[in-house]
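Structure record follows, encoded as structure tokens.
Rule-based calculations on the coordinates, nothing more; no lab input. All values derive from a computational prediction rather than experimental measurement. As a convention, Cβ positions derive from the backbone with ideal geometry for all residues, glycine included, and neighbour counts pool all protein chains shown.
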Amino acid sequence: MKKFLFALVAVLLFIGAVSTISLPAFASGEAENISKNVTLSGTGYASFGFLTDGNINYYPSSSGNTVINVDSEKAIGSLYIMFSLEYGEYTITANGVTVKVGKYGFLHEYIDISSLFEDDVTSLTIEFSSGSVRLSEIFVFTEGETPSFVQKWAPPLENGADLLLFATHGDDDQLFFAGLLPHYAWYKGYRVQVAYLTDHRNLTDRRVHEMLNGLWAVGVTAYPVFGSFADFRIDSLEQTYAYYQALGTTKDDLYSFVTEQIRRFKPLVVVTHDFKGEYGHGMHQVYADLTSQAVKITNDSSVFPESYEKYGGWEVQKAYFHLYGENEIVMDFDTPQDCFDGLSAFQVSQKYGYPCHVSQQPTWFTQWINGYSGEITKASQIKTYNPCQYGLYFSTVGEDKNKNDMFENVITYAEQERIQLEKEESERLEQSRIEQSVADELSRQEEQSRLDESSRLLEESKNNLSNTSDTSSASEVDDGQKQTLLAAGVMLCVFSPLIIYLATRKRK
């Protein structure tokens, strides 16, 4: 399974290996990593060797507008650029053509060069024209299928997430929600969006990379949201709110953030932390508290009207909270699945998602998810903060009956689209049937009209024939009378002298 191999590569990257990442021999159709064989030059940095040294944790800022020239003996098929800080749009120029990229500001960005330019590209220029940029690595590949560690992120799921997970920290999604993401994003193929409360940048920059690596390793492909709120630990809800206030972040700032994510992604199902913060973490408690309020007001235009105006209102169908004691459900994350090469969803998080969080491996979380001697192989073996146990806190579609699926009574966006397409197809067929029926009726009427016309013409023909016959008979009568008169005239002419003679003799 290609995505699973990514975890191993990710570990090497975060350790900061400075040698070339070794890859297996290239089979036909696979892209070759030619990063070490290209020549990098330009402006903005004193040297460019750090961009291909395999050390993602070294990311100097450029001195100003940055131009990087990439020259290669082999045709360049794609680039994989890793930023340490979100940048935004920049340009790539090759073969006299300039294109804009970086629309979404991904930290790990794949760029398909072969699809952007018609002819083979052996030389290109990357230009960052709006100030300083912080880059970590640039991988250069020939055309073909790139290695599994290359992340090809889709944009965040604007207006259409089946599930929105509010995870506070970078590793929470792989620990207390272990199994959830691979189950729904990978196995079920649902549209899953993750929104982190903190990006950890007040402490370190490396964890955002771990978060991306972890998500990709468990099958999430929609780019996550990184909240910019500070990371710290106070084991109290109220004291955590108070500390945020002291840092200049009000409760409304936090509340607005959660509300905006729901309005933006319009999730059918929302999932978040235990109200008690699992092991008591105040930031977990804050995220749960804010989510419990937000799911009830996101359709109200008077609450945070800016995000309402931008995204519109929304009402989630269901909201689940980890370990919530009412309307409880128990998820099955322990059944092996073919799509995981026989592993379970929990094992995918355990073996491939959590290990991407290299910075957290020395913590007690590692023993919690693996056991002290690696004896934990199932989520059901975990007794404290079990990642399979949730409670239905909010629902507009009724309570669960089966108690084992967050999408019970919920129709996913893909299914809604399928139903809509079927409806449209049914309507199209019905309209086609009606049109055909109308056409058939018109055709029938036209045929009947032709038959009627033929009948009329036939009747006229018969009438004409009859009239002709009557006329012919009348002519025959007239001819007889003429012959009789003629005969009478002849006889008169013949016998008239005789009659006169006889009459004369009688007088004498």
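Each label point was placed 7 Å from the Cα along the Cα-to-Cβ direction; for E441 and K383 their separation is 7.7 nm.
Using every pair of separate Cα atoms, the Kirkwood estimate puts the hydrodynamic radius of the stretch 24-141 at 14.5 angstrom.
Straight-line cross-link partners of K351 among the aspartates and glutamates, defined as a Cα under 18 Å from its Cα and at least 8 positions apart when in the same chain: D171, D172, D173, E210, D332, D334, D338, D341, E375.
Between D405 and T221, what FRET efficiency follows from the Cβ-Cβ distance if R0 is 30 Å, with the result rounded to 0.05? Efficiency, rounded to the nearest 0.05: 0.85. If you take Cα Rg over 2.2 N^0.38 Å from the coordinates, which of [x] 0.95; [y] 1.02; [z] 1.87 do you get? Among [x] 0.95; [y] 1.02; [z] 1.87, the one derived from this structure is [z].
With an 8 Å Cα cut-off and a minimum separation of 6 or more residues, compute the relative contact order for the chain in percent. Relative contact order for the chain comes out at 13 percent. Shape call for the stretch 163-410 from the C-alpha gyration tensor, a ≥ b ≥ c root eigenvalues: rounded (a/c under 1.5), prolate (a/b greater than b/c) or oblate? Oblate is the answer for the stretch 163-410, as a/c is 1.5 or above yet b/c matches or exceeds a/b. Taking every full run of DSSP H in the chain, the ones that stretch at least 30 Å from end to end by Cα along their long axis and average -1.0 or higher on the Kyte-Doolittle scale are 413-507. As a ratio to 2.2 N^0.38 Å, the alpha-carbon radius of gyration for the stretch 277-392 is 1.34. Here the label points at D112 and S130, each 7 Å from Cα along the C-beta direction, are separated by 2.5 nm in the simple model. With the cut-off at under 18 Å, measuring from each backbone N in the stretch 270-295 to a point 7 Å along the Cα-to-Cβ line of T363 picks out 272-288.
On the beta carbon distance between F232 and S63, with R0 = 35 Å, the FRET formula returns roughly 0.60.
Between D334 and D120, the contour length at 0.36 nm per residue exceeds the alpha carbon distance by 72.3 nm. In the stretch 212-245, which residues have a backbone nitrogen under 19 Å from the label point lying 7 Å from Y279's Cα in the Cα-to-Cβ direction? Residues 231-237, 240 qualify, since their backbone N sits under 19 Å from the label point.
Here the peptides 315-326, 405-416 are ranked by packing, the mean other Cβ count within 10 Å, and the order with the highest first is 315-326, 405-416.
Structure shown: which of K310/K403; K276/K318; K152/K266; K74/K103; K188/K423; K266/K403 lie over 32 Å apart, alpha-carbon to alpha-carbon? Correct reply: K310/K403.
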